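Computed from the coordinates by the stated procedures, all read-outs in this text should not be read as laboratory data. All values reported here derive from a predicted model rather than from experimental measurement. Cβ sites come from the backbone with ideal geometry, for glycine too, and all protein chains shown count toward neighbours.
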Amino acid sequence: MGGQRFQNRVKGMSMSEAYRDACRLAEAEHGHCQGYSGEINSTGGFHDITKEWKESKLGINEFIDSKEDKGKLIKGNAYGVCVRDPHPNKNKVKSQVKHNIEPGTKKWKLVYTVSTLSEDFAKDYSTKGEAVKIARDYTEKTGKATFVNMEKKLDTGSKRVATITYKKSDKESEGEYYFFGVAPC
């Protein structure tokens, strides 16, 4: 079994998240190959060597080259370095709510629905006659019994009453990570 060098630069809120994203991307691009794609998704995990990189005072590319030149890379392992720390959202409330308010009075309406023992049809009918026609057609085609149901539903223009969105912090940013190593191929 051979080995192939790989190097990935990935952003994420943590090194673990970035590693998972790098593996997913490698699998999408190169396939699984039963664990021998020669990419980061063939590794069994990562070792965080950020402290070693910072102590070396080398640029990231020089540091990676020095690790590869010394032959200290164990096949099947990924080595991770955080070159820019993430800044998570420290707001107490991390979402915002927009209420969808429809002016006017709401009315109840009477509708007819069609169902079988195992499924409901996704349409409302305004008259019992329409619903019976659809139910009879279905029963005649499939041989299954159908039921016409009468329901009261609130007549609204939209079913959506609120939208909740993520509220990003001004200082929030993802970290930047380099992964490298020798993967089985």
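Here are some notes:
- Charge dipole (Cα centre; +1 on Lys/Arg Cβ, -1 on Asp/Glu Cβ; no other charges) of the chain amounts to roughly 980 debye.
- Cα-Cα over 29 Å, subset of LYS94/LYS152; LYS11/LYS67; LYS67/LYS171; LYS94/LYS123; LYS11/LYS167: LYS94/LYS152; LYS67/LYS171; LYS94/LYS123
- Largest first and in whole Å, the equivalent-ellipsoid semi-axes of the stretch 107-159 read 23, 11, 8, each the square root of five times a Cα gyration tensor eigenvalue.
- Sorted by Cβ neighbour density within 10 Å, fewest at the top, the residues VAL93, VAL114: VAL93, VAL114
- All other residues whose Cβ lies under 11 angstrom from that of GLN96 are scored, Lys and Arg at +1 and Asp and Glu at -1, for a net of +4.
- Percent RCO, i.e. relative contact order, over the chain, from Cα pairs under 8 Å lying at least 6 residues apart: 40 percent
- Among ASN41, ILE60, VAL111 - extreme Cα towards positive end, dipole of the stretch 39-128, charges at beta-carbon: VAL111
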